[in-house]
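To start, the structure under review is shown below, and the notes come after it.
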Amino acid sequence: MTYAIQAEGLVKRFGETQALAGVSFTAQPGTVLGVLGPNGAGKTTATRILATLIEPTEGRAEVGGYDVVKQAHQVRQLIGLTGQYAGVDEMLTGTENLLLIGRLLGLSRRDARARAAELLESFQLVDAAERAAKTYSGGMRRRLDLAASLVGRPQILFLDEPTTGLDPRSRNGLWDIVRGLTDGGVTVLLTTQYLEEADQLADDIIVIDRGQAIAHGTSDELKAQVGGQILEVQPINEADTVTVSRIVGELTEATPEVRDGLVAAPLTDPALMPAVVRRLDEAGVTVGTLSLRKSSMDEVFFALTGHHTDDIDAEADELAKAAKKEGASA
């Protein structure tokens, strides 16, 4: 099978700081590969390697069948990249930003203008086309940034946390755009910290934590790995939380998570529910909430890594400083 993206054993070190520790993954043409992980996991480093911005310390990768190190020029002809922050020139208008990109890509003035008009309409920016980008809202800037990455009609698009800082409406709008791109045959690699985003968009998900790939599969497959359902119990008396946690842990053979008095644990056998109720009754615990639901992607991540995606990882700052230092010395 010919993959749109293929990475094998990617390792990247910035001095003594290791950003990637042997990551491997693939993406099939016309699909969305979600790369999921917290700050400092190595998502951006992997994206920069695939986009030919930096070279791996070890390992290899191909994009569109071309080696990202030996055939970087060919790779650049196929890809588009949108980083974590809008990269448009705030002093130029929406039209001028897209015209500039088109001309840099070698389009004629006429073709560049036609492509700019097409993208401004597709991204619902026609009314703001002649305004300076600095007057745009955050959502509008992200749409313009994404439009700029599509001027050259890339076959493969890298989106590095594209919805960071956006309100829910703007985020949903970008999700619709991504779906439209894959419907048109574009392959998308999407890095994200948002569990819902990976759940909504990705055909396949790779979970990265501290530079290593710790899980891979579809959203449903990952949920099934840690128990397809979650048992939630909250006692009326908060003092009973310890008892509830002990009973739930014994019956599910899992370590429950306790947040604000709510005890939650993966449940592989729904038939255990009556046993839970019976044991709680025997212990004299009055229950306020008892429910069984599908596990969320956040719970999947917690089960796989031991921490949530919104946990601040101190390694992220160290990694960013090391990467910046290397970039300055290059």
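Being small (Gly, Ala, Ser) and at pLDDT 85 or above narrows it down to one of 283, 322, so name that one. Before the answer, list the steps.
Details: 322 fails: at pLDDT 85 or above.
When all the criteria are applied, what remains is 283.
Residue by residue, here is whether (1) more than 19 Å from residue 188 (Cα to Cα); (2) assigned to a loop (DSSP other than H, G, I, E, B) holds:
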position: 102; (1), (2): yes, no
position: 106; (1), (2): yes, yes
position: 111; (1), (2): yes, no
position: 130; (1), (2): yes, yes
position: 140; (1), (2): yes, no
position: 143; (1), (2): no, no
position: 162; (1), (2): no, yes
- Within the range 146-170, residues surrounded by fewer than 21 Cβ atoms within 10 Å (Cβ to Cβ) and either on the phi > 0 side of the Ramachandran plot or modelled with pLDDT under 90 (or both) come out as 153, 164, 165, 166, 167, 168, 169, 170
- Query: Hey, any hits in the range 13-27 for a residue that's under 21 Å from residue 213 (Cβ atoms), under 21 Å from the mean Cα position of the chain (by Cα), in a loop (DSSP other than H, G, I, E, B) and not aliphatic (A, V, I, L, M)?
  - Reply: no
- For residues that are out of contact with any Leu (no Cβ under 7 Å at 6 or more places or on another chain), modelled with pLDDT under 95 and either more than 21 Å from residue 149 (Cα to Cα) or small (Gly, Ala, Ser) (or both), tally how many sit in the range 66-81. 0
- Message: If I ask for residues that are in contact with a Pro (Cβ under 9 Å, 6 or more places away or on another chain), open to solvent by 10 Å² or more (accessible area, probe 1.4 Å) and within 10 Å of residue 60 (Cα to Cα), which ones from the range 7-35 would you list?
- Response: 9, 11
- Task: Return the residue satisfying two criteria in turn: it lies in the range 90-112 and is open to solvent by 60 Å² or more (accessible area, probe 1.4 Å) and in contact with a helix residue (DSSP H, G or I) (Cβ under 6 Å, 6 or more places away or on another chain), and of such residues it is nearest to residue 176 (Cα to Cα).
- Result: 90
- Message: For the list (1) closer than 29 Å to residue 221 by Cα; (2) over 37 Å from the mean Cα position of the chain (by Cα), I need the number of the one condition that residue 280 fails.
- Response: (1)
- Query: Identify, please: which residue in the range 297-314 is of a type in the set (Asp, Glu) and either closer than 13 Å to residue 230 by Cα or open to solvent by less than 50 Å² (accessible area, probe 1.4 Å) (or both) and is, among those, modelled with the lowest pLDDT?
  - Reply: 313
- Query: Which residue pairs have Cβ atoms closer than 7 Å, lie 6 or more positions apart in sequence or on different chains, and pair a first residue in the range 243-258 that is of a type in the set (A, V, I, L, M, F, W, C) with a second residue that is part of a loop (DSSP other than H, G, I, E, B)?
  - Reply: 244/285; 247/283; 248/256
- Taking the range 32-58 only, how many residues are more than 14 Å from the chain's Cα centre (by Cα) and not aliphatic (A, V, I, L, M)? 6
- Query: Just checking, which of 260, 240, 281 is among the acidic types (Asp, Glu) and closer than 25 Å to residue 194 by Cβ?
  - Reply: 260
- Can you confirm whether the range 57-65 contains a residue that is within 14 Å of residue 156 (Cβ to Cβ) and exposed (fewer than 15 other Cβ atoms within 10 Å of the Cβ)? yes
- Message: I'd like to check which strands (runs of 3 or more DSSP E) are fully inside the range 178-296 and have at least 1 residues that are open to solvent by less than 10 Å² (accessible area, probe 1.4 Å).
- Response: 187-192, 204-209, 212-217, 229-235, 262-267
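The values are calculated or read from the model by the stated rules, or taken from the named source; none is laboratory data. All figures in this text were calculated on a predicted structure; none of them were measured in a lab. Cβ sites come from the backbone with ideal geometry, for glycine too, and all protein chains shown count toward neighbours. Ligands, DNA and RNA are excluded from the accessible area calculation, which covers all protein heavy atoms including side chains. Shrake-Rupley method; radii C 1.70, N 1.55, O 1.52, S 1.80 Å.
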